[in-house]
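Here the structure comes first, spelled out in structure tokens, and everything after it is commentary.
The values are calculated or read from the model by the stated rules, or taken from the named source; none is laboratory data. Treat the numbers as computed from the prediction; the structure is a model and nothing was measured. So basically every Cβ, Gly included, is an ideal-geometry build from the backbone, and we count neighbours across all protein chains shown.
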Amino acid sequence: MGGPFSPARWLRLFADYNQFLQGFGITLFVALSALILALVLGVIFGLFSVSHLKPLRIAARVYAEFFQNTPLVIQIFFFYNALPYVGVNMGVISIGIIGVGIYHGAYVAEVVRGGITSISKGQFEAARSQGFSYLQSMFYIILPQAVKIILPPLANQAVNLMKNTSVLALIAGGDLMYRADSWASNGSLSYGPAYVVTGALYFMLCFPLARWARHFEERLKNRDKLVVPEILVGVEQ
């Protein structure tokens, strides 16, 4: 069929575009589902990490350290190969959602913890002086201020999560990467067009989110630069 990017290979790919669209749909579903799971776990363990209760702080630390310091591939293989031995059987889509979600939940927890600890302790003290409980202070005073700090790194984590859904290809997950590799290896060995299209589809998912994160972060920095001179002017007056 000529070279790795010959017209014949591209024509064959366009004729089988449904396989790539199906894989793209599965990748998008897994990414969104895993992102929801990661956000839920991240917020819970992020709050645990700044709790006054030591057992909660220990649980958050163990969770973050374990999942951040073990490869995602090993975790996915554990869910896929080891859990059936103890009677836990899950489909590959469920494994992808749970595995990727739990893995990135550990990173989201650190993002949430960093956002909360960046808020001045005086905010807690002011809330306490007004009669707010710890939970009320957290949800009504601290978290609303921490959101603007959390959002840019959270968006970056979402981008990494979307890219990491490609690990499903290792367990025949039917995702975009698996469909591309299966299609390319089935007879014609058209890996060039398959990987170019796959990379472009991942780029379509990740680039807008990464771009928004950078834009939002720059906007926050510019706003902070404007606030400082206003404070100095007020002091001089």
| Does the stretch 7-24 include one or more residues that are of a type outside the set (Val, Ile, Thr), exposed (fewer than 13 other Cβ atoms within 10 Å of the Cβ) and farther than 23 Å from Ala180 by Cβ? | no
| query | Can you tell me how many residues in the stretch 41-84 are without any contact (Cβ under 8 Å) to a residue 60 or more places away in the chain, under 24 Å from Leu170 (Cα atoms) and under 21 Å from the mean Cα position of the chain (by Cα)? | reply | 10
| Which listed residue is out of contact with any His (no Cβ under 8 Å at 6 or more places or on another chain) and more than 30 Å from Tyr195 (Cα to Cα), from Val92, Val40 | Val40
| Restricting the search to the stretch 164-190, which residues are surrounded by fewer than 15 Cβ atoms within 10 Å (Cβ to Cβ) and closer than 23 Å to Gly42 by Cβ? | none
| query | Is there any pair with a first residue in the stretch 154-167 that is within 17 Å of Gly115 (Cα to Cα) and in contact (Cβ under 8 Å) with a residue 12 or more places away in the chain and a second that is in a helix (DSSP H, G or I) and among the β-branched types (Val, Ile, Thr) whose Cβ atoms are under 6 Å apart and which are 6 or more apart or on different chains, and what are they? | reply | Leu154/Val111; Gln157/Val108
| query | Can you spot a residue in the stretch 51-64 that is surrounded by 18 or more Cβ atoms within 10 Å (Cβ to Cβ) and out of contact with any Leu (no Cβ under 9 Å at 6 or more places or on another chain)? | reply | yes
| If you check Pro193, Pro208, which single one turns out to be surrounded by 17 or more Cβ atoms within 10 Å (Cβ to Cβ), modelled with pLDDT of 85 or more and part of a helix (DSSP H, G or I)? | Pro193
| Scan of the stretch 171-190 for residues that are of a type outside the set (D, E, K, R), under 25 Å from the mean Cα position of the chain (by Cα) and not in a helix (DSSP H, G or I), ordered by number | Ala172, Gly173, Gly174
| said: Report every pair of residues separated by at least 6 positions or lying on different chains whose Cβ atoms are under 9 Å apart, first residue within the stretch 19-30 and more than 10 Å from Gly174 (Cβ to Cβ), second outside any helix (DSSP H, G or I) and not small (Gly, Ala, Ser). | reply: Phe24/Asp175
